[in-house]
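A short write-up of the structure that comes next.
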Amino acid sequence: MFDRSDIAEAMRTYVLETAQVMVLHLDADDRVVGANDQALRVLRAGTVGRPLAEQIVDFNHTLDVPALIRQTGMVHRLTLSTASGQPETFGFRFFSISSGVLALASLDFQEQLELRNEVLSLNRELNNLTRQLHQANAELRELNQLKNQFLGMAAHDLRKPIGLIMTYSEFVLDEAGVQLSEQQREFLRTCLRAATGMKQLIDGFLDLAVIESGHLRLDLAPASAREMVAGAEPMAQLVAEKKGITLLVDVADDTRRLRVDASKLQQVLLNLV
Amino acid sequence: MNQPDKPGFVPEVVYRAYLGGLLTHDLQQCHASFQQWLEADTGLRSTYEDLVRRSLYQVGDLWERGQISVATEHLATANSESLLNLTYPRLFAQPRNGKSAVITCVPNEYHQIGGKMVADVFELHGWRGYFLGANTPEGEAITLIAEKRSEVVALSVATTFGLAEVVSATALIRAAFPEVAILVGGQAFRWGGKERVERLLGVRCLTSLGELEAWIKEHDNHV
Ligand code: B12
C-alpha cells in the first residue's frame, strides 16, 4: 500500500524536511556527499565532504566501518560527535544505492524516554534528599545545643561540691596536719589532687559548652594593664610561694584603659604564669 | 492573600517574568523572580501559592491546550521543585515546638510538590514536617509516625483515581494509631468531594495552605 508514488513522495518530503531522522548520502569511498536538514543541525560542522568513518567515535579502533556499511539488513549502534560537543549514539541503517550508500540514523526513542523518566525521578529524589539534609542538619544543631546546655548545667552543679572537698581537705591539712600520721596526710593530699584535677576537667567542659553554644558572655568594662595584673597577682603569689618560687611583678606605667573582660583576662594571665 | 509590602515589588510583573522563565527553560530567570518574591516578605504561603502553584496550574493548562509539550511541562516542574530548596536554610532554622507531622503521597501518586509545600508549612509553624515523597507505601509512613511519635499525618492526593488509595491508607493508619489526626488534601478535591470524604472517612479535608495554617493554629491553641 505504501509503494504508491504519491505516498513515496510524501514520505521523502517528510524525511528530508521534518523527521528527526538523519539522512546521509555516501559516495563509493564512504565519503559524506549530502545530508538532510536534521543531520546538518545535529552533527558537527564539516560533516559533508569527510568520510563517515572519520566521524564515528571508535575508542579502541576496533570498528571496520566499510564492512559495517555493507551490512545493509540490520541496525548498527554508532556514536558520533554532535554539534553540542557531546557524543551521541544513533541507530544506523545502510542502504546500497547506485551512486554509493544511503545512511539513515535516529536516536533510540524508547531509550531516551527511559532516560528522561529516570532523570526526572532521580531529580525528585534528590530534591527530597536535599530537604531531608536541611532538616537533619537543623535537628543536629538543636541536639548539639541541648548537649551544651546539659553539659553546662552538669558542670555548674559539680563545681560547688568539688570546691567544698578542696577547701576542707586543704583546711584539715593546714590546721590538723600535725595530729595526723604521714599516711593520713598523704591520703588527704591525694584527695586534694584528685579534686583539683576534677575541677580543671569541669572548668574545661564548662568553657567548651559556653563557647560552643555561642553564649560566651564577656563583661566588658574599662581597665588598665596595671589593674588587671594587680587582680591576678595575689593568686599567682600564693601558688608561687607554695612552690618556693619568687614572683616579681613589673608593669609599665601606662594608664590607658581598654574595654575588656578583666576577670577573663586575669584567668588567661594565671594560666600563663 | 498577604499584601506585598516591598517598594518596587509588583507581583504581577514578577509572576510574568517567572512564568516566562519556566516556559523557556530559563532557570536563572526563575531563580531571580523566586528570590525577588521571597525577599518581598509576602510570606512563604504567598511564594508557594501565588507564584509556584499558580504557574504550575498555568503550565498544566497550556499543556492541556496543546500549547506546550510534555517535555516543557516536565522541565517546568523540575525547576519549580528545585526552587523550593532555596527556602530551606531559613525555614529549618526556626525555633521548634516539639511537635511533628508526617506528610506523604499515597501509593501511585506521582505529584509531590503540593505535599512538600504542606510539609514546609508545618516547619514554618514550628513543627517538624517529615516528607516522604511521591508514591510511598503506607508502611513507610506508619514506621515513621511511630519513630517520630508524630501527632498528625497528612496525605496528599492530586489525581481523582488516587482517592481509592486514600481510603485504604486512612484505614491502615487509623488501625495502627487511633490517636493520630489524619489530614487529607490536594488537587483531587479541586472539583469537590471534600465533604463526602470527611463524612465517609472521618478525616479533615483541607485544600490550601491557608486552610492548613488555620488548622495548625487551632490545633496549637487547643493543646
Ligand atoms: C507537574 C504535573 C505532573 C508531574 C508531577 C511531578 C512532580 N514532581 O510532582 C507528573 C509528570 C509526574 C504528572 C503525572 C500525571 N499527571 Co499531572 N500534573 C502536573 C501539573 C502540571 C502540576 C502539578 C503541581 O505540582 N501543581 C502545583 C501544586 C503546588 O499544586 P497542588 O498539587 O494542587 O498542591 C496545592 C494544594 O492542592 C495543597 N495540597 C496538596 N496536597 C495537600 C495535602 C494537604 C493535607 C493539604 C492541607 C493541602 C494540600 O497544597 C498545595 C499548595 O496550595 C498538574 C496541573 C495542575 N493543574 O496542577 C497536572 C495534573 C495534576 N496531572 C494530571 C494528570 C491526569 C496526570 C497523569 C494521570 C497524566 C497521565 N495520563 O500520565 C499522570 C499521573 C501520574 C500519577 N500516577 O500520579 C491532572 C489531574 C486531574 C485529576 N484531578 O485527576 C492535572 C490536574 C492536569 C490536568 N489538568 O489534567 N503530572
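The numbers here are math on the coordinates, done by the rules we state, and not lab data. Only a predicted model underlies this, so the values are computations on that prediction, with no experimental measurement involved. Neighbour counts are summed over all protein chains in view; Cβ atoms, including those assigned to glycine, are modelled from backbone coordinates with ideal geometry.
Can you give me the relative contact order of chain B as a percent, contacts being Cα pairs under 8 Å and 6 or more apart? Numbers along the way, then the final one.
Details: 311 pairs, mean separation 32.6, N = 223.
Once divided by the residue count of chain B, the mean separation gives 15 percent.
What is the list of residues in region A:35-69 whose amide nitrogen lies under 13 Å from a point 7 angstrom out from the Cα of A:Ser81, following Cα to Cβ?
In region A:35-69, the label zone of A:Ser81 (backbone N under 13 Å from the point 7 Å along Cα→Cβ) covers A:43-47, A:54-59.
Near B:Lys116, which lysines are there with a Cα under 21 Å away, not counting those fewer than 8 places off in the same chain?
Answer for B:Lys116, where 21 Å is the Cα cut-off: B:Lys99, B:Lys148, B:Lys194, B:Lys217, listed by chain and number.
Mean-square fluctuation check for chain B, GNM, Cα pairs under 10 Å: which of B:Ser33, B:Ser168, B:Ser46 is largest?
Result: B:Ser168 has the largest fluctuation of those listed.
Can you compute the equivalent ellipsoid semi-axes for the protein assembly as shown, i.e. the square root of 5 times each eigenvalue of the Cα gyration tensor, sorted largest first and rounded to whole Å?
71, 36, 24
If amide hydrogens are placed 1.01 Å from N in the peptide plane, which non-local residues have theirs closer than 5 Å to the one on A:Ala35?
A:His25
Determine the sum of side-chain charges near A:Leu40: Lys and Arg each +1, Asp and Glu each -1, restricted to other residues whose C-beta is under 14 angstrom from that of A:Leu40.
+1
In whole Å, how far is the Cα centre of region A:93-108 from that of region B:158-223?
One Cα centre to the other: 59 Å.
So which aspartates and glutamates can A:Lys160 reach, going by Cα to Cα under 17 Å and dropping same-chain residues fewer than 8 places off?
Reachable aspartates and glutamates: A:Glu170, A:Asp203, A:Asp207.
Using a basic spin-label model with each label point 7 Å from the Cα along Cα→Cβ, how many nm lie between A:Leu180 and B:Asn108?
So the two model labels end up 8.2 nm from each other.
Starting from the Cα of A:Ala67, step 7 Å along the direction of its Cβ; do the same at A:Met235; then give the gap between the two resulting points in nm.
8.9
Quick one: helix A:182-212 against the long Cα principal axis of chain A, what's the angle to the nearest 10°, folded into 0 to 90?
For helix A:182-212, the angle is close to 40 degrees.
In deg cm²/dmol and to the nearest 500, what is the mean residue ellipticity at 222 nm of chain A if only DSSP H runs of at least 4 residues count, each as -39500 (n - 2.57), divided by the residue total?
Here the helix-only value at 222 nm equals -19500 deg cm²/dmol.
Suppose a student asked you for the relative contact order of chain A, using Cα pairs under 8 Å spaced at least 6 residues apart; what percent would you report?
11
Angle between the Cα long axis of helix A:262-272 and the longest principal axis of chain A, 0 to 90 degrees, nearest 10?
90
What angle do you read, to the nearest 10 degrees and between 0 and 90, between the alpha-carbon axis of helix B:138-148 and the longest principal axis of chain B?
Computed tilt is about 80 degrees.
Between B:Ala17 and B:Arg90, how high is the FRET efficiency from 1/(1 + (r/R0)^6) when r is the Cβ-Cβ distance and R₀ = 35 Å? Nearest 0.05.
For B:Ala17 and B:Arg90, the calculated efficiency is 0.95.
In deg cm²/dmol and to the nearest 500, what is the mean residue ellipticity at 222 nm of chain B if only DSSP H runs of at least 4 residues count, each as -39500 (n - 2.57), divided by the residue total?
For chain B, the value works out to -16000 deg cm²/dmol.
Using a Förster distance of 30 angstrom, determine the FRET efficiency expected from the C-beta separation of A:Asp157 and A:Asp254, and round it to 0.05. Each step should come with its number before you reach the end.
Working: r = 42 Å, r/R0 = 1.39.
Working from the Cβ atoms, E equals 0.10.
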